[in-house]
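What follows is a set of notes on a single structure, which appears directly below.
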């Protein structure tokens, strides 16, 4: 299977791409379009649009920008990673293709659309998490596909860390392999949402359960208690934070466009543990003037409190700057907890 740099574009014009901002139109929870605007000066990759005859962007490709070579060394790998891999969601790409599951959901097609061909490349009309796959591939993360895992679930044991993109549709074997791996990072919400079965003789997948099928009351097809689909429509991702659930690290937003202009997100993803104290502190510092964002972040970590006062944020800054040790900061937090100042 060849990895293509092209994926579905969003609803943007040639003029918008060449201007000072790059605009992406995404779906909102209400089903209407939501515009994500990124200043082109903030981009840390080259975004190369492909146009149709009317000057409309039909796909994009991504390339490294030599100005950021120093950053790529910090957030990626100089050679293809042997310990970390991301899973390209080829089954989900199939589900979003023409004459497939979503035509059935919207009653534009009958049950024949619940069986679709498995694509043989990474391009076409699928856009969800395609940018994430471009970014991780450019940074030399190894990758495998749904097919690889379904045929050989033990393939995940080769990697210490497995990054899951928008893998909305997976098989039962794939679900079990992912959820039992000790080092999974769910970079996108809404993963592991519906069950499909494969027929490799016919090169197809068929929807089995999930997404209100075969019963309207069914949401997650696996009944997965860690489903975090509530974050799917947080596409701005300005309040991003990794949180820990069981053996998983999970992101609280949909990072498709944040990945191309936020170095800190890439640094955190590449850290030993995205949910570790030091990464948590970094996020506190980003949100320390916004009580709402702090409440969201603390809730993810099962911490109660209204804000981070200066006598916590200042030591956090010292920790980030290397002026105090991690043990010093741990002792501070432990003291506050033991004296019931924080809970």
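Assorted remarks:
Yes/no matrix, rows are residues, columns are (1) surrounded by fewer than 16 Cβ atoms within 10 Å (Cβ to Cβ); (2) modelled with pLDDT under 95; (3) under 20 Å from the mean Cα position of the chain (by Cα):
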| residue | (1), (2), (3) |
| --- | --- |
| 197 | yes, no, no |
| 206 | yes, no, no |
| 212 | yes, yes, no |
| 235 | no, yes, yes |
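- Those residues of the stretch 189-205 which are touching a residue at least 40 places away in the same chain (Cβ under 8 Å) and touching a helix residue (DSSP H, G or I) at 6+ places or on another chain (Cβ under 7 Å), in sequence order: 189, 190, 196, 198, 205
- Residues being assigned to a helix (DSSP H, G or I) and more than 12 Å from residue 36 (Cβ to Cβ) - total across the stretch 260-271: 8
- Any hit, the stretch 174-182, residues being within 25 Å of residue 237 (Cα to Cα) and not in a loop (DSSP other than H, G, I, E, B): yes
- So residue 162, is it assigned to a helix (DSSP H, G or I), crowded, with 18+ Cβ neighbours inside 10 Å and either at pLDDT below 90 or within 20 Å of the chain's Cα centre (by Cα) (or both): no
- Some residue of the stretch 243-252 being assigned by TED's automatic domain parsing to the domain that holds residue 171, part of a loop (DSSP other than H, G, I, E, B), at pLDDT 90 or above and in contact with a helix residue (DSSP H, G or I) (Cβ under 7 Å, 6 or more places away or on another chain): yes
- If you go through the stretch 21-43 and keep only what is modelled with pLDDT of 75 or more and at positive phi, you end up with nothing.
- Members of the stretch 115-134 that are modelled with pLDDT of 95 or more and closer than 25 Å to residue 233 by Cβ: 116
The values are calculated or read from the model by the stated rules, or taken from the named source; none is laboratory data. These numbers come from a predicted model, not from an experiment. Here the Cβ is made from the backbone with ideal geometry for all residues, glycine too, and neighbour counts use every protein chain on show.
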